[in-house]
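The values are calculated or read from the model by the stated rules, or taken from the named source; none is laboratory data. Every value quoted in this text rests on a predicted model; they were computed, and no experiment measured them. When we count neighbours, we look across all protein chains shown, and the Cβ atoms used for this are built from the backbone with ideal geometry, even at glycine. When the accessible area is computed, the model is the full protein with side chains, heavy atoms only, and any ligands, DNA or RNA have been set aside. Shrake-Rupley method; radii C 1.70, N 1.55, O 1.52, S 1.80 Å.
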Amino acid sequence: MYDRYQGLIFDMDGTILDTEPTHLKAWHEVLARYGMKFDAAAMTGLNGSPTWRIAQAVIAEHQADLDPHQLAAEKTRAVESMLLDTVRPLPLIEVVKSYHGRRPMAVGTGSEHRMAEMLLRHLGLLDCFDAIVGADDVQRHKPEPDTFLRCAELIGVPPEHCVVFEDADFGIQAARSANMAVVDVRTL
């Protein structure tokens, strides 16, 4: 079905891995320490953003005097402690397996590079990908195109010959800005 593309790029959280419930649980636990809560719809709207940017939005909403990078680090530690036990691949992983060895593929995620590599290794999927670009690998994050442009560069495929699989509005906007085809996996 995707044979017309020379390179395939996948978002990770919510696209190929079912990590969202664990991320939300970690946010809930960390924010409770500070007497804060998050709006689920607002949190969903920030999908694809780096953790520090989500922390920044929550802090602003509560008008709290916290460092977003510190709050993001606490959330990352919380999610790391639970994620390996809970993460599962989503059905789109069948596309990854089908194109493994047939097309260069990359992961472009709002998660940290180390976290993405750890999860993919844990599930035996790391070798399916030729490159990983995490939030800490680029200066400008989704909805800017940098994550996906870096993926295309690393797999050696011009952006206009790549397709991106995404589950978040920021990621879809980033793919379009990168001049790539995009599949909104929420509609599959």
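So residue 187 clears everything in (1) closer than 26 Å to residue 76 by Cβ; (2) open to solvent by 50 Å² or more (accessible area, probe 1.4 Å); (3) of a type in the set (Val, Ile, Thr) except one condition, right? Which one? Exception for residue 187: condition (1).
The set of residues from the range 46-87 being among the small types (Gly, Ala, Ser), surrounded by fewer than 19 Cβ atoms within 10 Å (Cβ to Cβ), part of a helix (DSSP H, G or I) and at pLDDT 90 or above comprises 57, 60, 73. Scanning the range 4-44 for residues that are open to solvent by less than 80 Å² (accessible area, probe 1.4 Å) and either part of a loop (DSSP other than H, G, I, E, B) or among the basic types (Lys, Arg) (or both) returns 5, 11, 12, 14, 15, 16, 18, 19, 35, 36, 38, 39. Within the range 127-162, the only residue that satisfies the criterion of being more than 21 Å from residue 2 (Cβ to Cβ), outside any loop (DSSP other than H, G, I, E, B) and more than 13 Å from the chain's Cα centre (by Cα) is 146. With respect to the conditions (1) surrounded by 15 or more Cβ atoms within 10 Å (Cβ to Cβ); (2) under 16 Å from the mean Cα position of the chain (by Cα); (3) more than 11 Å from residue 12 (Cβ to Cβ), residue 114 falls short on a single one, namely (1).
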